[in-house]
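Presented below is the structure to which this report refers.
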Amino acid sequence: MMIGEINRRRLDDDQVSYFGFTFPKMQRIFAEYRSSYPSGRLNLYALLAFAVAVAGLVITAVCIGIIG
């Protein structure tokens, strides 16, 4: 969703691709989103979704017996 918001402000030949998520690309997307939308909340929602996903993976690993 953040990529869509960023691409709205960019020219057609300078848009960010939706494919390929690397750490530097995500940092650039988050930085550009924060500078373009200082009161936007999509970056917080993305971080919250990531935290929930990591917690779910840890809980699943504990239940299966991989951890602990």
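The values are calculated or read from the model by the stated rules, or taken from the named source; none is laboratory data. Just so it is clear, the model here is predicted, and its values are computed rather than measured. So basically every Cβ, Gly included, is an ideal-geometry build from the backbone, and we count neighbours across all protein chains shown.
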So for segment 28-44 (the condition being loosely packed, with under 13 Cβ neighbours inside 10 Å, assigned to a helix (DSSP H, G or I) and hydrophobic (A, V, I, L, M, F, W, C)), does at least one residue qualify?
yes
Going by what's in this entry, would G68 be described as under 22 Å from I6 (Cβ atoms) and not in a helix (DSSP H, G or I)?
no
Within the bounds of segment 9-27, is there any residue that is in contact with a helix residue (DSSP H, G or I) (Cβ under 8 Å, 6 or more places away or on another chain), assigned to a helix (DSSP H, G or I), of a type outside the set (K, R) and surrounded by 13 or more Cβ atoms within 10 Å (Cβ to Cβ)?
no
When the residues of segment 54-68 are narrowed to those that are surrounded by fewer than 10 Cβ atoms within 10 Å (Cβ to Cβ) and small (G, A, S), which ends up modelled with the lowest pLDDT?
G68
Name the pairs whose Cβ atoms lie under 8 Å apart, with the first residue in segment 51-68 and on the phi < 0 side of the Ramachandran plot, the second in a helix (DSSP H, G or I), and 6 or more positions between them or separate chains?
I67/V58; I67/A61
